[in-house]
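What follows is a short report on a single structure.
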Amino acid sequence: MPVVVVTRLRLRDLALLDEFFTAAVAVLEQAKNSGGNLGADVLADANNAWWTLTAWQERDSMKAFVCTEPHLSTMAHLGDWCDEATFVDWEQASEDLPDWQTSYRRLVADGQAAGLTYASDAHQSRSFPPPVESP
């Protein structure tokens, strides 16, 4: 059954943008080229928030992606780069990526907060606004 993964990261300091963005682009390319990937999308949101959305044929494909480079080393930096980092995954019948509002609802309802060095007040409570898509 297909697995969907949603991530919301908020960069804590714009001075970190170049390093973060370089890593994020590499991870997006990795996801798109990984076996079992059904789709990948990103959304740059207000207040330095970045969303990712991926779908996988099965959980093993997703786990293989997570445990290889460059994703593996990028995850190790999130504690220093971000003051909010939340992840959620679920199984669904469709192979299609859900819309951003569905992804937001899932993230708020069931998301897991990552351990961060500089966590914001909103980090643990998942009290962040929904994503705003460009027209």
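Quick notes on this structure:
- In the range 4-16, residue nearest to residue 75 (Cα to Cα) [restricted to those that are in a helix (DSSP H, G or I) and either touching a residue at least 12 places away in the same chain (Cβ under 8 Å) or under 16 Å from the mean Cα position of the chain (by Cα) (or both)]: 16
- The set of residues in the range 17-39 being open to solvent by 50 Å² or more (accessible area, probe 1.4 Å), assigned to a helix (DSSP H, G or I) and either out of contact with any strand residue (DSSP E or B) (no Cβ under 7 Å at 6 or more places or on another chain) or at pLDDT below 95 (or both) consists of 18, 19, 21, 22, 25, 29, 33.
- Of all residues making up the range 40-51, the number that are at negative phi and open to solvent by 50 Å² or more (accessible area, probe 1.4 Å): 5
- Top-ranked residue in the range 106-135 [being without any contact (Cβ under 8 Å) to a residue 60 or more places away in the chain and assigned to a helix (DSSP H, G or I); ranked as most open to solvent (accessible area, probe 1.4 Å)]: 121
- Any hit, the range 61-70, residues being out of contact with any Asp or Glu (no Cβ under 7 Å at 6 or more places or on another chain), of a type in the set (Val, Ile, Thr) and without any contact (Cβ under 8 Å) to a residue 12 or more places away in the chain: yes
- Residue list for the range 81-105, filter: surrounded by fewer than 16 Cβ atoms within 10 Å (Cβ to Cβ) and in a helix (DSSP H, G or I): 101, 102, 105
- Hits in the range 64-77 - residues which are under 27 Å from residue 128 (Cα atoms) and out of contact with any helix residue (DSSP H, G or I) (no Cβ under 9 Å at 6 or more places or on another chain): 76
- Annotation note: of 49, 24, 40, 44, the sole residue that is within 19 Å of residue 132 (Cβ to Cβ), touching a Lys or Arg at 6+ places or on another chain (Cβ under 7 Å) and either free of Cβ contacts under 8 Å to residues at least 12 places away in the same chain or of a type outside the set (Asp, Glu) (or both) is 49.
The values are calculated or read from the model by the stated rules, or taken from the named source; none is laboratory data. If you're wondering where the values come from, they're calculated on a predicted model, not measured in any experiment. Cβ atoms come from the backbone with ideal geometry, glycine included; neighbour counts cover every protein chain shown. For accessibility, only protein heavy atoms count, side chains too; no ligands or nucleic acids. Shrake-Rupley method; radii C 1.70, N 1.55, O 1.52, S 1.80 Å.
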